[in-house]
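Notes to accompany the following structure.
Each reported figure results from applying straightforward, stated rules to the coordinates on display, with no laboratory input. Not measured: the values here are computed from a predicted model. Neighbour counts run over all protein chains shown; Cβ positions are idealised from the backbone, glycine included.
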Amino acid sequence: MEPSETGRRMGHEFVGVVEDIGDAVRTLKVGDLVVSPFLWSDGSCVFCQEGLHSECLHGGRYGWDDVDGGQGEAVRVPQADGTLVVLPVDKDNALMPSLLTLSDVMGTGHHAAVTAKVGPGKNVAVVGDGAVGLCGVIASKRRGAEQIILLGNNPHRIALGQELGATDVVRERGDEAIERVRELTGGLGAHSVLECVGLEQAVGTALEIARPGGAVAGSAYPSTTSPRPASHSGRTRALAAGPHRYAPTSSSCCQTCLRDGSSRAASSTAWVRSTRCRTATGR
Ligand SMILES: [Zn+2]
């Protein structure tokens, strides 16, 4: 992260209770328990209508362009109707830690599984055992995958991945990992590959372990050295981008949201009081 003279409002994922709404807000009321995705969006443009809210023509990201971050005591949410989703539970519900994952990592893992066309009877390879990768395992199991191969080497995360539904584990990297996945898939490769790392080697591995006709979904923000779709040719595979248009934030500091008059100017906003720390879903 670049050094800053003034600091920056941090965080982009939260669950909270609506404390106030602007005049134009129609679908929310004070007291609603809501979850927010990591970007805000109008919910009505052509991309939002296609379910690609992260590509909203009128949306943006938290912590930028005078919009609050998600790690303060409260956050001003632009385009509140199109961004916030009301949760049908009480804020003390035992599901709250799981529901918080819908603000980022579970939604991202699910999107990767959908984009990679995971379905009943398919074999799936999940590259990366971080939070998104593990959510990709959950999503793949939910969608009926027959075989779920998890590529990673963190013992604790691997164990959790197996608990969540991974049927096979590949701890190797690079060419050895590619060979191992081919062995596990009868030499054919995986129908669906969820790339959940974003580094060059992981992207290269993901492309190589997809079977002909397979689909690779990139859910992580690619590093500057990752191969781009244009550089990949010659194989019959669908390569689809994931929902992250922007690099995730990584600083450990945060600022308390400043609720001043100027930041309340837009009538389509809602103030949301956070219910718990957002770092629980950190990648
Ligand atoms: Zn939109």
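The figures follow:
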read-out	value
Unmet requirement for VAL193, which otherwise passes all of (1) in contact with a Lys or Arg (Cβ under 8 Å, 6 or more places away or on another chain); (2) on the phi < 0 side of the Ramachandran plot; (3) buried (at least 16 other Cβ atoms within 10 Å of the Cβ); (4) not aromatic (Phe, Trp, Tyr)	(1)
Residue selected from region 44-86 under the condition aromatic (Phe, Trp, Tyr) and more than 9 Å from the ligand (Cβ to nearest atom), by the criterion surrounded by the fewest Cβ atoms within 10 Å (Cβ to Cβ)	TRP64
Yes/no for LEU188 being assigned to a loop (DSSP other than H, G, I, E, B) and either under 19 Å from GLY119 (Cα atoms) or out of contact with any Ser or Thr (no Cβ under 7 Å at 6 or more places or on another chain) (or both)	yes
Of all residues in region 87-104 being surrounded by fewer than 19 Cβ atoms within 10 Å (Cβ to Cβ) and of a type in the set (Asp, Glu), the one that is farthest from the ligand (Cβ to nearest atom)	ASP92
Selection from region 125-166 of residues that are over 15 Å from ALA177 (Cβ atoms), not acidic (Asp, Glu) and not in a helix (DSSP H, G or I)	GLY130, ARG143, GLY144, ALA145, GLN147, ILE148, GLY165
Scan of region 28-43 for residues that are within 16 Å of the ligand (Cβ to nearest atom) and either loosely packed, with under 14 Cβ neighbours inside 10 Å or in a strand (DSSP E or B) (or both), ordered by number	SER36, LEU39, TRP40
Subset of region 58-69 that is part of a loop (DSSP other than H, G, I, E, B) and under 19 Å from the mean Cα position of the chain (by Cα) - its residue that is farthest from MET10 (Cα to Cα)	GLY59
